[in-house]
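Heads up: the structure comes next, in structure tokens.
Please treat every number below as a calculation from the coordinates, not as lab data. In this text, all values refer to a predicted model and were calculated from it rather than measured experimentally. Glycine gets a Cβ as well: all are built from the backbone with ideal geometry, and neighbour counts include every protein chain shown.
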Amino acid sequence: MTDPQDPLPEASWTFRRWFTYAVTLIALILIGWIVAKLTDGVHLAGVAYGLIGLVALFATYYLIAPSAEHVVKLLRLASLLKRP
């Protein structure tokens, strides 16, 4: 019988973070290039560029920010260090 966690999840999110960041960056660059090539809808180009920036910001916070598990560990460590 196989274990439900077989194969085990990746211990470090490093590969997934780099892969996701690279794909997001490439997609945003391609979308920006497509918007720049459009001849109509000049007013919508500003909205599109703003949305590209927003997606880039969210992706950066998702990929660089610490995971919830790390935050809990840091809070436990801080509470241990505060005690006399």
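Checking each residue in segment 34-61 for being of a type in the set (Phe, Trp, Tyr) and surrounded by 11 or more Cβ atoms within 10 Å (Cβ to Cβ) picks out 49, 58. Filtering segment 28-61 to residues that are within 21 Å of residue 17 (Cα to Cα) and not in a helix (DSSP H, G or I) leaves nothing.
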